[in-house]
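The values are calculated or read from the model by the stated rules, or taken from the named source; none is laboratory data. Note that the coordinates shown come from a computational prediction; the quantities given were computed from them, not determined experimentally. Please note: Cβ atoms are built from the backbone with ideal geometry, for glycine as well, and neighbour counts cover all protein chains shown. Accessible surface is based on the protein model in full, side chains and every heavy atom, while ligands, DNA and RNA are left aside. Shrake-Rupley method; radii C 1.70, N 1.55, O 1.52, S 1.80 Å.
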Amino acid sequence: MSYFAGIEPIRYEGPESGVELAFRHYDPDATVGGARLEDQLRFAVAWWHSFAWPGGDPFGGQTFERPWFGETMEAARAKADAAFDLFAILGQPFFCFHDFDIRPEGDSFAESTRNFEEIVDYIGEKMEAGGPRLLWGTSNLFSHRRFMAGAATNPDPDVFAYAAATVKTVLDATHRLGGQNYVLWGGREGYETLLNTDLKAEADQAGAFLSKVVDHKHKIGFKGTILIEPKPQEPTKHQYDYDVATVAGFLHRYGLQDEVKLNLEQGHAILAGHSFEHEIALAASLGLFGSIDMNRNDYQSGWDTDQFPDNPREVALAYYEILKAGGFTTGGTNFDAKLRRQSLDPVDLVAAHVGAMDVCARGFKAAAAMMEDGGLEAARRERYAGWQSRDARRMLEEETLDAIAARVREQDLRPEPRSGRQERLENYVSRFI
Ligand code: XLS
Ligand code: NI
Ligand code: NI
């Protein structure tokens, strides 16, 4: 019997619905911003938090009792069955996984790989039977103790090799399953103490590793996007892929800026001291925007708490930047989010996703309406209008400091400060939420 027995597929019922488990804003077939909402948002369920996470925290272990827990192939298949049962209830178009989430660890690389391939085939059959598609695959290069000092950036070359072999296997499987992207989140690529760390050596190792991943992608003909997911700290004290700006610098340093894009997570942006929309806008302005993990952090705790989104305004501002960047191509909205550890019931897992999908739909509609209205862009254009003048263009392209100084004196320039109109723009946004 299904773990989710008794829970019907969720339907769109409109904003006034009194039914607890219903979509009030997410109507997959509605046209919003010129396309179907389902195709705009491209929701994905994350295998790890939803099906593999036992509910532990630093002070206590497992709280969830899922019938599929256990390190056997039988348990792994039962987990996949439960996952596809949840997918059928939610009707979302995508899911994501790490190798580690779907297969039991073996005694050797060869055995882990055998386990993995067998489950990948099992999942592939379920996908063919009408399940959702794979938004991205990824390798877990951080949970096993062999990776405690990093994967690509490990001081031990054998760990680098083990990690490279793992990524090859998982990238191949992602390709086989028709995955749209392959994600590399930094895991333990970072350091705990500078006292034992060679920054230059570790950066060069990471650059070489990523270049090999890109080469392999081309070799096998994978058409998806390779994505790096920035995060400033946790698990290591200092993660190398700190934020968008840091990763952009890294990609340019190793000549990978045209090969790799970014998967941005709301909670990671907050940990880095940025807003989510800042990270999206910056990535877009650098041509690096790829995909998002739409899970928030608790603003007080300073941890990557991975909660489901619940704030339409924040979500709207994020989607506004995504729409400005032209919307998703291979990317989508992954819920890298976990329940709170007291949320024990099967229905909690359903409700968490339903609420999150609805908040995103609501925010997205607001963002699309703002785009269509064009008020923010008109204000922005007006603010920068002076740069359209011939003098301004010539100054950027030709004039030396000497020439500029002479012109300022000659034209007796006296720049007049103008209002930035922040409150009026905030009020404007509020009209759409
Ligand atoms: C951890 C990351 C991780 C990646 C996938 O903080 O968000 O879950 O998304 O490895
Ligand atoms: Ni995270
Ligand atoms: Ni993530």
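Could you check how many residues of region 172-200 are of a type in the set (Gly, Ala, Ser), more than 30 Å from LYS126 (Cβ to Cβ) and either surrounded by fewer than 20 Cβ atoms within 10 Å (Cβ to Cβ) or more than 16 Å from ligand 3 (Cβ to nearest atom) (or both)?
0
The single condition from (1) within 16 Å of ligand 2 (Cβ to nearest atom); (2) surrounded by 21 or more Cβ atoms within 10 Å (Cβ to Cβ) that THR305 fails is (2). Is it fair to say PHE142 is in contact (Cβ under 8 Å) with a residue 40 or more places away in the chain, aromatic (Phe, Trp, Tyr) and part of a loop (DSSP other than H, G, I, E, B)? Spelling it out, PHE142 is indeed in contact (Cβ under 8 Å) with a residue 40 or more places away in the chain, aromatic (Phe, Trp, Tyr) and part of a loop (DSSP other than H, G, I, E, B).
Those residues that are in a loop (DSSP other than H, G, I, E, B) and either closer than 26 Å to PHE328 by Cβ or among the polar types (S, T, N, Q) (or both), I need them from region 99-128; list them, please. Before you say what the answer is, go through the steps one by one.
Residues of region 99-128 that are in a loop (DSSP other than H, G, I, E, B), as a first pass: 103-108.
Passing the criteria: only SER108.
Does ALA88 count as of a type in the set (A, V, I, L, M, F, W, C), surrounded by 20 or more Cβ atoms within 10 Å (Cβ to Cβ) and in a helix (DSSP H, G or I)? Answer is no for this residue. In this structure, ASP81 qualifies as over 24 Å from TRP185 (Cβ atoms), open to solvent by 50 Å² or more (accessible area, probe 1.4 Å) and either touching a residue at least 40 places away in the same chain (Cβ under 8 Å) or more than 17 Å from the chain's Cα centre (by Cα) (or both). Take ARG313 and decide whether it is within 14 Å of ligand 1 (Cβ to nearest atom) and open to solvent by 30 Å² or more (accessible area, probe 1.4 Å). Criteria not met by ARG313. Mind listing whichever residues of region 201-226 are within 16 Å of ligand 3 (Cβ to nearest atom) and open to solvent by 20 Å² or more (accessible area, probe 1.4 Å)? Within region 201-226, just THR225 meets the criteria. Of the residues making up region 227-280, those that are over 14 Å from TRP303 (Cα atoms), assigned to a loop (DSSP other than H, G, I, E, B), in contact (Cβ under 8 Å) with a residue 40 or more places away in the chain and among the charged types (D, E, K, R) are ASP241, GLU259. Whether a residue is open to solvent by 20 Å² or more (accessible area, probe 1.4 Å), part of a loop (DSSP other than H, G, I, E, B) and farther than 13 Å from ASP358 by Cα was assessed, and PRO15 does not pass this test. Just one of the listed residues (GLU229, GLU234, GLU259) is open to solvent by 30 Å² or more (accessible area, probe 1.4 Å), acidic (Asp, Glu), modelled with pLDDT of 95 or more and within 13 Å of ligand 2 (Cβ to nearest atom), and it is GLU234.
For first residues located in region 182-210 and under 25 Å from LEU264 (Cβ atoms), partners that are within 15 Å of ligand 3 (Cβ to nearest atom) and assigned to a helix (DSSP H, G or I) and lie 6+ apart or on another chain with Cβ distances below 6 Å do not occur.
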